[in-house]
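> Please find one structure pasted underneath; my questions will follow.
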Amino acid sequence: MKFGWASRLVYYIMCFQLDCKKKFELWSLVGVEPLRFSLHEFEEITGLNCEYVKNLENPLVEVTTNMKAFWAQMGVNFDRGPSIDELTTACQMCRTWSRDDRLRLGYLAIYAGFIEAARTSSPTRASLTRLVMDLDAFEDYPWGRVTFKFLMELVKGVDLDKDVCY
């Protein structure tokens, strides 16, 4: 199996981790040099917005009738976020939706598939998906910080002796 440079870097970061007590920082040994990977490096590499906000995973979002109607239109339970499977089904019936609702659906697909990236049948976090009702606020949200937090939880939780893939 051939690996590109990015895959090799991830392999080294995962396999040659140094013991680090900081929850959101990773240190790895690449050759004889220690390599730090933190929010700062993540922001530089991805270019994503990583600004600090209070209540990162549970932002205050006012529940409106429009929000409930949009969830009903998608065929999703309002009390939980949509799964990738539910979003895929919604994509098949969105032709007659307004432009903003189709944009919301696209943003939710990006969030569910790339930022949270859970199993296709698992619901996403409703607290974050509800942000999509205000398109400007959704676009300006620090998704880089959210993504980095998910990434650190995943990487720090991997047992390389048991987990074959990452």
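> Residues with beta-carbon under 12 Å from that of CYS50, excluding CYS50: net charge, scoring Lys, Arg +1 and Asp, Glu -1? Display every interim value, and only then the final one.
Working: positive: ARG145, LYS149; negative: GLU41, GLU43, GLU44, GLU51.
Combined, the nearby Lys, Arg, Asp and Glu give -2.
> Rank GLY47, PHE78, LEU29 by how far each Cα sits towards the positive end of the charge dipole of the stretch 28-78 (+1 on Lys, Arg Cβ; -1 on Asp, Glu Cβ) and give me just the farthest.
The one lying farthest along the dipole's positive direction is PHE78.
> OK, next. Where in the stretch 58-90 does the label zone of SER121 land, with the point 7 angstrom along Cα→C-beta and an amide N cut-off under 16 Å?
Label zone hits: 83-89.
Values in this text are rule-based calculations from the coordinates and carry no lab data. All figures in this text were calculated on a predicted structure; none of them were measured in a lab. Cβ sites come from the backbone with ideal geometry, for glycine too, and all protein chains shown count toward neighbours.
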